[in-house]
Structure formats: structure tokens, C-alpha cells
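Accompanying notes for the structure given below.
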Amino acid sequence: LEPRQPGVMTPLAPNQQQVWLSAEMTSTLPVYNEPITVHYRGRLDREVFERAFQEVLRRHEIWRTALANVDGQVVQAVLDFALPIPFVDLTSLPEEERQNEAIRMATEDARRPFDLGVGPLLRARMLRLGEEYYRLNLTLHHIIFDGVSLYQVLLPELAAIYEAFLAGQPSPLPEPEFQYGDYALWHQRLLSEEFVEREMKYWRMQLAGPLPNLEL
């Protein structure tokens, strides 16, 4: 695995190809939308938080990626954008109504489909439910995001960068050594004809002869 050169056309990784095909067949349904709610209790500097969130997006190309059709081939197209985070203050509502309204808005965000060819493939909204109680609603398309990304990358990095920016310090995190596009190119090289034929030969041998019945 090595960083790709600038300007290199980046294919979809094999798992992305499967998601893309399924998503295209159900383009009007949000079946691959990943809705997330991040709860935050305490004082929040919204300006600093938005700067931290944009820094996380800058660090990871995959979260700024759309899928472009180039000469009949679907490829990854990395975009440069600042994602707006609309802010809604629900504290004007009676306390017993805030939860239902927050859920309604989160559900509304989660159900809106994405255009894979245009992007961005994520959206965000910040809700304020109390004096020091906030919720960040995120919706991301599964073709650029999964649960591992949430717990091992997004949340730890967002917390670390926010704390640093709040203290007037630069980001404490080193630049990522690789991007998801580097992995996709590596995987494409791995699936060369020689590799695939070797794997097919192995499984033909393993599956030769009578096979047991599977009682499912």
C-alpha cells in the first residue's frame, strides 16, 4: 500500500462497487443512509466546533467523495467543500416537546436520499435541547462510512481537535499516511488476473466432488 499520485483516477473498492450497484437500484430509497446522533453535554463553542468538524473532513478524503461516471466507469471524485451545519435552538419549546421534535428532525434528515454522483454524501445539523445539552445529527451514505469509522476515527479525532482549537492550539493529530483511495487502488492491483486465477483454482479443488447438504 502506497500513497497514489495526484491526478490518478481512483476506482471504487470492491465493497463500494457492491454498495453502489445496490444503491443505484434503489436510488429513491434511503436504504444505505447511516444516521448518527452525537450527544454533547457542557458548554459548546459552536464556531470552534465547526472549525474542528471541517478539519476532520479535510483530513479524510473519503468523507468528501462523490462517485463520478468517467467514460462508463464509476470512479471516486474527491471534492473540496465546507459542510454547513445548520443550528436549531429547541429551548423555546416546552421541555417535554423537545425530545419529540429532535427525533422528528433527525428522522427527516435520515430519510432524505443522497445523489451519489453529486455529493456531498453526508449532512449535519446541530440541535440545542438545553442550556448545556446539544445533539449533532449526522447522516452519511454507507459507501463512504461505517461503524468502525465512527468509533475509531470520527469521534476521537473530532474530540481531540475541538479541545485543541478551544485552547488556541493547532490540531495535535499527524496527517493521515494513507487515504481510502490508496486502499482502493491497492485492492485493484491485488485482484489481478493471476491472483484471481490462483484463488479460483484453489476453490475448484476444495469444492470438487460431492458436496454436503446444508440444512439451514
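A few points about this structure:
For every residue, the table says whether it meets (1) more than 18 Å from Q179 (Cβ to Cβ); (2) open to solvent by 10 Å² or more (accessible area, probe 1.4 Å); (3) acidic (D, E).
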{"residue": "E101", "(1), (2), (3)": "yes, yes, yes"}
{"residue": "P120", "(1), (2), (3)": "no, yes, no"}
{"residue": "L129", "(1), (2), (3)": "yes, yes, no"}
{"residue": "E132", "(1), (2), (3)": "yes, yes, yes"}
{"residue": "L136", "(1), (2), (3)": "yes, no, no"}
{"residue": "T139", "(1), (2), (3)": "yes, no, no"}
{"residue": "L155", "(1), (2), (3)": "yes, yes, no"}
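- Yes/no for M205 being hydrophobic (A, V, I, L, M, F, W, C) and either surrounded by 14 or more Cβ atoms within 10 Å (Cβ to Cβ) or part of a loop (DSSP other than H, G, I, E, B) (or both): no
- For segment 189-198, the tally of residues that are in a helix (DSSP H, G or I) and either of a type in the set (A, V, I, L, M, F, W, C) or under 16 Å from P14 (Cα atoms) (or both) stands at 5.
- Odd one out for L57, checked against (1) open to solvent by 20 Å² or more (accessible area, probe 1.4 Å); (2) at negative phi: (1)
- Qualifying residue in segment 17-24 (condition: buried (at least 16 other Cβ atoms within 10 Å of the Cβ) and of a type in the set (D, E, K, R)): no
- Residue under evaluation L67, criteria (1) closer than 30 Å to H187 by Cα; (2) outside any strand (DSSP E or B), criterion not met: (2)
- Wholly enclosed strands (runs of 3 or more DSSP E) of segment 76-172 bearing at least 3 residues closer than 30 Å to L185 by Cα: 122-130, 133-141
- Filtering segment 166-216 to residues that are at positive phi and modelled with pLDDT under 95 leaves only G209.
The values are calculated or read from the model by the stated rules, or taken from the named source; none is laboratory data. Given the structure is predicted, the values throughout are model-derived calculations rather than measurements. Neighbour counts run over all protein chains shown; Cβ positions are idealised from the backbone, glycine included. Areas reflect the complete protein model, heavy atoms only, side chains present, ligands, DNA and RNA absent. Shrake-Rupley method; radii C 1.70, N 1.55, O 1.52, S 1.80 Å.
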